[in-house]
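A quick write-up on the structure given underneath.
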Amino acid sequence: MCADLSRTPRTLLVCDRSSFLDHKNRVSSQVEQLHFIYKVSVLLPECNSASSSLDSVFNSFTSFYLIRKLPIYELLDKDFLQSAVYQGSVHGLSFRTRIDEDNCVALMPNGRLTLSLDKDSFELLGFEGKPSRFNHRSCSRFEVSVDLTDSSMAPGGRGYLRLLTGLKSHLQLQTDFLLSHHPGGGASLQALLSRYDWSEHKPKVSRRCLSNLVCPAPRSCDPHSLLEWLGAVDADVRCENSSSSFLSSFVCPEANTTLGHALSVSVSGLLLPHDVQRLIQELSSLSWSPGCP
Amino acid sequence: MTSVEEAEPSGFQRVVLTNASPYQYLKIRLVLEDERSRLSDVELKSFIIAGLKSLHGEVGAALNFDVLKYDEESLTALLRVYSRGLVKLWSSLTLQGFYQNQACAFRVLQVSRFTGISSLEEPLIYLLFHVTQKKRISHFPHYCHPLP
């Protein structure tokens with residue numbers, strides 16, 4: 001009983017420290033693999049404001065669309081597949097569907113469609129899938145994952161028709177859907193958007209000027225503490241608590257310095273890896289001096 | 001478990017930490033029968049401690065947790081607890097049913113290993129610029145991934 005109560009989820013943390021010019025620097029390749037980026041936060045020490053070029057990068061993140069009550073079988077529409085999915089220019093995610101309770105849908109840029117379904121929906125759909133790897137004792141959630149670019153899922157094929165019938169007639173899965181396209185791919189979505197209630201959204205940029213920010217020394221700070229402090233700054237958590245405080249004992253990790261000012265900028269929405277890469281390139285090419293820009 | 005690739009002359013260093021997350025973070029909201037009721041941050045923490053005591057006894061009530069952030073208007077709080085205390089804290093929140101004779105419920109909105117809670121169970125990259133002798137260095141704890 002006691003062993004169960006103190007059980008913790010397994011975790012893996014990899015912390016790299018290097019110059020952007022180092023050949024081992026993997027930040028670009030890591031970002032490229034993240035298809036569903038919700039938020040990017042940047043902390044610029046000793047800065048009051050961002051340079052105009054950096055500001056323009058923040059303000060030029062690609063817009064995304066929200067489609068209300070999209071029947072998921074529409075993602076198998078022949079024209080949509082030809083003009084968007086096969087070009088690798090579009091990805092999307094069901095909106096406000098809870099991964100532990102509702103049916104969720106994800107469409108990757110490489111054409112992979114993944115459905116995370118509860119047991120009843122999976123049985124109704126009648127398509128092959130496997131139990132979710134996050135199940136505990138009983139199989140209560142199932143994953144259906146298909147590569148829409150594979151020849152077996154070509155329009156008119158057996159696999160394609162079975163999935164289409166499952167989504168259209170048996171399960172009739174319908175969710176709000178966030179859809180994003182790579183630069184230049186907007187036209188491919190127009191036919192799909194015109195059939196449903198949709199709205200366009202620009203990623204939200206928020207800026208905060210911080211003064212007298214207590215900051216740990218990155219070289220000597222352990223990765224977990226540094227990550228915790230970074231998250232606390234981003235979440236606007238108070239870092240100065242006395243040891244006798246009832247509410248919180250959270251303090252900035254030792255050894256630390258105090259920055260006169262710093263700028264915290266965050267962008268949130270359905271963000272493209274391409275836009276995050278541009279941001280990283282802009283940040284790494286900044287000529288750096290205290291006071292910025 | 002930790003493995004470290006030592007710093008080379010170029011300054012590259014990699015640290016890999018497995019199952020070493022000391023804290024877990026919970027974003028919670030208290031829902032009260034009377035929607036106009038409000039609690040201060042001290043009252044909220046006392047209420048959670050009382051819940052821990054009622055379910056897990058004196059030893060449970062001694063479980064140390066921090067209220068990192070609290071919004072009195074929406075009754076939403078960000079809590080930090082040692083990883084080994086997560087199950088006890090979470091279970092006591094779930095089973096809290098009454099606050100001062102009115103029905104209540106704690107909604108656990110998110111649970112994460114990171115303070116920057118905004119999404120669950122996603123690989124996470126943090127980037128920090130550090131100025132050292134006019135060099136721009138990226139120092140990022142990255143690829144925090146839940147293991148099955």
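Here's the yes/no breakdown for (1) aromatic (F, W, Y); (2) within 26 Å of the chain's Cα centre (by Cα); (3) buried (at least 16 other Cβ atoms within 10 Å of the Cβ):
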position	(1), (2), (3)
A:A187	no, yes, no
A:C209	no, yes, no
A:V214	no, no, no
A:C221	no, no, yes
A:T258	no, no, no
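Could we say that B:S83 is open to solvent by less than 20 Å² (accessible area, probe 1.4 Å) and more than 11 Å from the chain's Cα centre (by Cα) here? Spelling it out, it is not the case that B:S83 is open to solvent by less than 20 Å² (accessible area, probe 1.4 Å) and more than 11 Å from the chain's Cα centre (by Cα). Check whether at least one residue in segment A:51-64 is in contact with a Phe, Trp or Tyr (Cβ under 9 Å, 6 or more places away or on another chain) and either open to solvent by less than 60 Å² (accessible area, probe 1.4 Å) or closer than 27 Å to A:A235 by Cα (or both), and report yes or no. No, segment A:51-64 contains no residue that is in contact with a Phe, Trp or Tyr (Cβ under 9 Å, 6 or more places away or on another chain) and either open to solvent by less than 60 Å² (accessible area, probe 1.4 Å) or closer than 27 Å to A:A235 by Cα (or both).
Those strands (runs of 3 or more DSSP E) of segment A:196-293 in which at least 2 residues are among the polar types (S, T, N, Q), within 11 Å of chain B (Cβ to nearest Cβ) and touching a residue at least 24 places away in the same chain (Cβ under 8 Å), considering only elements entirely within it, cover A:256-271. Output the residue which, of all residues in segment A:116-162 that are hydroxyl-bearing (S, T, Y) and not in a strand (DSSP E or B), is most open to solvent (accessible area, probe 1.4 Å). Restricting to residues being hydroxyl-bearing (S, T, Y) and not in a strand (DSSP E or B), the top hit is A:S151.
Quick one: would you say A:V31 is at pLDDT below 85, in a strand (DSSP E or B) and at the interface with another protein chain (Cβ under 9 Å from one of its Cβ atoms)?
Numbers: at pLDDT below 85: yes; in a strand (DSSP E or B): no; at the interface with another protein chain (Cβ under 9 Å from one of its Cβ atoms): yes.
No, not satisfied.
Only one of the numbered conditions (1) surrounded by fewer than 19 Cβ atoms within 10 Å (Cβ to Cβ); (2) within 13 Å of chain A (Cβ to nearest Cβ); (3) touching a residue at least 60 places away in the same chain (Cβ under 8 Å) is violated by B:R113, and that is (1).
Of the residues examined, A:L230 is not one that is touching a strand residue (DSSP E or B) at 6+ places or on another chain (Cβ under 8 Å), of a type outside the set (S, T, N, Q) and under 30 Å from A:E74 (Cβ atoms).
Look at (1) in contact with a helix residue (DSSP H, G or I) (Cβ under 7 Å, 6 or more places away or on another chain); (2) of a type in the set (D, E, K, R); (3) surrounded by fewer than 12 Cβ atoms within 10 Å (Cβ to Cβ) and you find that A:E200 fails only one, number (1).
For A:Q82, the conditions (1) within 14 Å of chain B (Cβ to nearest Cβ); (2) open to solvent by 10 Å² or more (accessible area, probe 1.4 Å) all hold with the exception of (1).
Out of B:R113, B:R80, which single residue is modelled with pLDDT under 90 and of a type outside the set (S, T, Y)? Show your work before the answer.
Details: B:R80 fails: modelled with pLDDT under 90.
Every option except B:R113 fails the conditions.
The values are calculated or read from the model by the stated rules, or taken from the named source; none is laboratory data. Keep in mind it's a predicted model, so treat the numbers as computed, not measured. As a convention, Cβ positions derive from the backbone with ideal geometry for all residues, glycine included, and neighbour counts pool all protein chains shown. Please note that ligands, DNA and RNA were not included when accessible areas were found on the heavy atoms of the full protein model with its side chains. Shrake-Rupley method; radii C 1.70, N 1.55, O 1.52, S 1.80 Å.
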